[in-house]
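What follows is a short report on a single structure.
Nothing in this text is a laboratory measurement; each read-out follows from the coordinates by a stated rule. This one's a predicted model, so the numbers in the text were calculated from it and none came from an experiment. Don't worry about glycine lacking a Cβ; one is built from the backbone with ideal geometry, like all the others, and counts go over all protein chains shown.
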């Protein structure tokens, strides 16, 4: 629905606390706040399905810097790989048992929002229940289609979701150029360890 923008990932966030709900009923309540709505994520604002890659007003400079670094990292990975490694990436924040989409680049913003819980797949337990530090990352080698390939921790309750909507991580890693494409990914991770997003 146009104008709906904030992801309520109640099932995932509640499961962090040990309570489980049916995913199908939770999927109905994924998005409910208007674009450019301030979130409890350090004053950051949500982005809407038709909005820019990230909200332009009221956004902490740190998230702007992070999205620029992510964009540059993706470009460097693609150059090393000589093809697109991840055609979709998003910055999400989990706060107050909700999820907020802060930045998105890819072919299916509304689909990303709608299918978030199922696309998290094998990454879901770690994404919602893990104890992470900035710069930590994890891969799911079996994320087929829109299933997420990876996440990187940007800061407290802030995550970068990486995805290739066509290939799985196993397919990506079969290309010998993957070795060189990992370098920008690791550089971004190391940068986040010393300079996390706040």
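Some points to look at:
- If R0 is 30 Å, the Cβ-Cβ spacing of residue 108 and residue 177 corresponds to a FRET efficiency of close to 0.75.
- Stretchable slack from residue 190 to residue 83, in nm (0.36 nm times residue separation minus alpha-carbon distance): 36.1 nm
- Residue ranges 98-106, 113-121, 64-72 sort as 98-106, 113-121, 64-72 when ordered by packing (mean number of other C-beta atoms within 10 Å per residue, highest first).
- Net length available on complete extension from residue 166 to residue 142 is 7.4 nm, with 0.36 nm assigned per residue and the Cα-Cα distance removed.
- Placing pseudo-labels 7 Å out from each Cα toward the beta carbon at residue 156 and residue 65 gives an inter-label distance of 1.7 nm.
- Residue ranges 154-163, 73-82, 123-132 sort as 154-163, 73-82, 123-132 when ordered by packing (mean number of other C-beta atoms within 10 Å per residue, highest first).
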